[in-house]
Amino acid sequence: MASCDICPRECHVNRLENKRGFCHSGYLPIVSAVCAHHGEEPAISGSRGSGTVFFGNCNMRCVYCQNYQISQDPKKQNSKEMDFHKLAESMLYLQDELGCHNINFVSPSHFVPQLAMAVLEAVPLGLRIPLVYNSSGYDSVASLKELDGIISVYLPDLRYASDKWARKFSHARNYVEHARAAIEEMYRQVGELVVDQSGVAQQGLIVRHLILPNNIAGSEESLTWLASEVSPAVTVSIMAQYYPSHKAPLKCLLSRTISQSEYDEVLKLLDEEGLENGWVQEMGAAENYLPDFDREGYPFSASANMKR
Ligand code: SF4
C-alpha cells in the first residue's frame, strides 16, 4: 500500500498515508453496508442468507453500476471508514447473530490487505464460516496470490470480451487480460465448486456473466474462453437482471434491458459450449434486483430467481 499496486491500475500512491488513487480509498476499509443477503446464487445465499460486507468505492467506474450509490460517491463513502477490529466484529455478527452461511466481500479488489487484516482479527474471535470474494474480475493476480488459503469461494464477474467496451463503459484498461488471468488464478486456488449436503458452497469458483444489451458483454467469446481455457465443468451464473441504472439511460447501447432473443442466444451458447454447471437467472423484473443503499438495514427487495 506504500506504493499501491493492489489492483491492476497500479496507481502507486501511498495509501498508508491516506493518499488516494483511482479508487478514492485510503488506509482503512470503507464499509457501506453489512447484511444477510438472500438474493445471491442459491449456493451462496442458502436458507439463512449470505453475510454480505459491501465495500465502498470501486476500482471500476461502470456507467450502468446498480451499486453506484456506494461505488461512485466517494465523498459520502469516505465517512464510512471502519477500523479492522470493527470489521472483524461485523463478520462475527453475520456469523453468530444472523446465522449466515458465509462472509461475502463485495467489491473487495481495492481492499485486499484490509480484508486480510480484518480476517486475522476475526479468526481468533471465532470466525469459522467460508469467505467469499465477490469482485468485478478486475483483480491483480499478485494480490489474489496473497489470498491463497484465506478465500474459500471466488465469485468474479466476467464482464467483457472487448477492451474497447471495458474502457468505454467501465473506465478499465486491459480488462479482458486482467480478468481472465484473475479467473485462472482463482480456479488454480479453489477449483470446482464443492457444496455441502444442503447445497451451500464450501469451496470453489463461480463465474458470473451479466448479459448486456447489444452484445456489449461479448457473451460468445467469454463463454467459449471459459469452457476451453478454464474448464467446461466450471460453475457459471448467467445474470439477466441488467437494468439501465446510473448513467446508462444516456448511453444508447446500454439504455434498455436485454431482449428475449439476446437471452435465448446466451442459453444456446451454454448448451453449445457444454457449460452445464450453475444457474441461469430468469428473464423479467430486472428492476426488482435494484438495491437502494439509502434504505436502512437491507438494500434489496427481491430474492433469487434462478434455475439450475
Ligand atoms: S487499489 Fe486503488 S489506489 Fe491501489 S492501484 Fe487500485 S485503484 Fe489505484
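Sorting Met117, Met60, Met1, Met82 by accessible area (1.4 Å probe), largest first, what list results?
On the way: Met117 80, Met60 5, Met1 50, Met82 25 Å².
These residues rank, largest area first, as Met117, Met1, Met82, Met60.
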Query - For the stretch 1-106: span of alpha carbons on each principal axis (Å, largest first) - result: 42, 33, 24
Requested in this report: Please list the equivalent ellipsoid semi-axes of the chain, computed as the square roots of five times the alpha-carbon gyration tensor eigenvalues, in descending order and whole angstrom.
Outcome: 27, 22, 20
Query - DSSP bridge orientation in the chain - percent antiparallel, rounded to nearest 5 - result: 35
Requested in this report: For the stretch 40-85, state the semi-axes of the equivalent ellipsoid (square roots of 5 times the eigenvalues of the alpha-carbon gyration tensor), sorted largest first and rounded to whole angstrom.
Outcome: 24, 17, 7
**Report entry** Cα gyration tensor category, rounded, prolate or oblate, for the stretch 145-296 with a/c compared to 1.5
**Finding:** rounded
Report summary line: Inter-part gap, Cα centre of the stretch 1-66 to Cα centre of the stretch 168-220, in whole angstrom, is 16
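Could you please state how large a percent of the accessible area of the chain is carbon and sulfur, counting protein chains only and using a 1.4 Å probe? If you can, show how the numbers build up before the last one.
Numbers: 6130 of 12850 Å².
In the chain, the share of accessible area belonging to carbon and sulfur is 48 percent.
With a 1.4 Å probe and all protein chains in place, put His37, His85, His12, His178 in order of accessible area, largest first.
On the way: His37 10, His85 80, His12 100, His178 50 Å².
Final ranking, largest accessible area leading: His12, His85, His178, His37.
Report, in cubic angstrom per residue, the convex hull volume of the C-alpha atoms of the stretch 58-163. Don't jump to the answer; show the numbers that get you there.
Values: hull volume 12.7 nm³, N = 106.
Taking only Cα atoms, the stretch 58-163 has a hull volume of 120 Å³ per residue.
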Query raised in the report: If the stretch 122-175 were replaced by its equivalent ellipsoid, with semi-axes equal to the square roots of 5 times the Cα gyration tensor eigenvalues, what would those be, largest first, whole Å?
Result: 30, 11, 8
Requested in this report: Would you tally the net charge around Leu92, using a Cβ to Cβ cut-off of less than 14 Å, leaving Leu92 out, and scoring K and R as +1, D and E as -1?
Outcome: -2
Report summary line: For the chain, any Cys whose C-beta has no other cysteine C-beta under 4.7 angstrom counts as unpaired, and these are Cys4, Cys7, Cys11, Cys23, Cys35, Cys58, Cys100, Cys252
Query raised in the report: Which one of Gln95, Ser255, Gly51 is farthest out on the positive end of the charge dipole of the chain, using unit charges on Cβ (Lys, Arg +1; Asp, Glu -1) and the Cα centre as origin?
Result: Ser255
Report summary line: Toy charge model, Lys and Arg Cβ at +1, Asp and Glu Cβ at -1: the chain dipole around Cα centroid in debye, rounded to 20, equals 1000
Report task. Mind grabbing the accessible area of Glu121 for me, 1.4 Å probe, Å², rounded to tens? Result -> 70
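Which percent, to the nearest 5, of DSSP beta bridges fully inside the stretch 1-115 are antiparallel? All intermediate terms of the calculation are to be shown ahead of the outcome.
Values: 7 of 11 bridges.
Around 65 percent of the beta bridges assigned by DSSP in the stretch 1-115 are antiparallel ones.
Rank these by accessible area, largest first, 1.4 Å probe: Leu125, Leu144. Write out the running numbers ahead of the final one.
Numbers: Leu125 90, Leu144 0 Å².
Most to least solvent-accessible, the answer reads Leu125, Leu144.
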Query raised in the report: How much accessible surface does Ile150 have with a 1.4 Å probe, in Å² rounded to 10?
Result: 60
Requested in this report: Starting from the exponent 0.38 and prefactor 2.2 Å, build the expected Rg for the stretch 105-194 from its residue count and divide its actual Cα Rg by it.
Outcome: 1.14
Report summary line: Per the C-alpha gyration tensor (a ≥ b ≥ c, the square roots of its eigenvalues), the stretch 185-246 is rounded if a/c is under 1.5, else prolate if a/b beats b/c, else oblate; here it's oblate
Query raised in the report: To the nearest 10 square angstrom, what accessible area does Asp264 show with a 1.4 Å probe?
Result: 70
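The values are calculated or read from the model by the stated rules, or taken from the named source; none is laboratory data. These numbers were taken from a predicted model, which means no experiment stands behind them. Every residue, glycine as well, gets a Cβ built from its backbone with ideal geometry; the counts of neighbours run over all protein chains shown. Just so you know, the surface numbers come from the protein's heavy atoms only, side chains and all, with ligands and any DNA or RNA stripped out. Shrake-Rupley method; radii C 1.70, N 1.55, O 1.52, S 1.80 Å.
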